1. With a length cut of 15 Å (Cα positions projected on each helix's long axis) and a Kyte-Doolittle mean of at least 0.0, go through the chain and give me the DSSP H helices that pass.
2. Let me check against my output: what whole-number percent is the relative contact order of the chain, with C-alpha pairs under 8 Å and at least 6 apart?
3. Assuming R0 = 25 Å, what is the FRET efficiency of T44 and A122, from their Cβ-Cβ distance, to the nearest 0.05?
4. Run the reach check for K66 against aspartates and glutamates, Cα to Cα strictly under 18 Å, same-chain hits fewer than 8 apart removed. What comes back?
5. Treat each spin label as a single point 7 Å out from the Cα along the C-beta direction, and report the V171 to L186 distance in nm.
6. Measure off 7 Å from each Cα along the Cα-to-Cβ vector at D18 and R104, then give the distance between these two points in nanometres to one decimal.
7. Once you have the Cα-Cα distance between I208 and L61, take 0.36 nm times their residue separation minus that, and quote the gain in nm to one decimal.
8. Take M45, M115 and order them by how many other Cβ atoms sit within 10 Å, fewest up front.
Amino acid sequence: MKAPVKPKRSYNSSRRRDQAAETRKVILEAAQRLFEGQGYGATTMNAIAAAASVSFKTVYLAFETKGGVLNALWDLLLRGAEDAAPVGALPWYREVMEEPDPQRQLRLNARNSRMVKQRIGAVTGVIRSAAPLDPDIDKLWRRIQVSFYDNQRAIVTTIAAKNALRPDLDVTRAADILWTLNHPDLWLLLVGERGWTPEAYEQWFGDIACSQLLGANSQGK
């Protein structure tokens, strides 16, 4: 008579997922240090693996390419998690869209711009510089431009619906202005190159956005 077969120990898939997520986080943190410290071109997959204290295979299986690492890093820094909702569904963006006062909308938008760029500003510079060198990063940079524009235009559309835009502006021109003020390059110039504090940038952004976009009846009292 055969001995009864012992049931196999159940596999803890949840724990495995948590470990994989933690490994990805460690890799991305290491990659961020290298990208920001020495640039995209000088950073290799082997260097990322070494900085994260994992094998090259682990990095490859998680991201496949160096461009894949940078793409994942961007998503993590922008939204707070790789699998987070799109920006348009995040609470800090919804707060702007749902705010009834146009001036406060633009002030909240300036706050969000400062908050996000404090996380992504340096990596944005890496992406900007690497775009001409790598088709994957060029695609990422173009996606960033479209996303930034669409989000700013959506804000302008709600302001226009309140009849709060300057009379000589249509939605497209107003969206162009707000997108330019919110553009990562402007942050890199003022904060990165000229040494403005993030708080000074936020105040300036809010002041200019209100003066450039809002009609006289909607400006600050």
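1. 66-79, 171-182
2. It rounds to 18 percent for the chain.
3. That gives a FRET efficiency of 0.85.
4. Qualifying aspartates and glutamates at Cα under 18 Å: E29, E36, D75, E82, D134, D136, D138.
5. It works out to 2.1 nm between the two label points.
6. 4.0 nm
7. Between I208 and L61, full extension yields an extra 48.3 nm.
8. The order, fewest Cβ neighbours first, is M115, M45.
Every read-out reported here was derived from the displayed coordinates using simple, explicitly stated rules and does not represent laboratory data. Note that the structure is predicted; figures quoted are calculated from it, not measured. Glycine also receives a Cβ, built like all others from the backbone with ideal geometry; neighbour counts cover every protein chain displayed.
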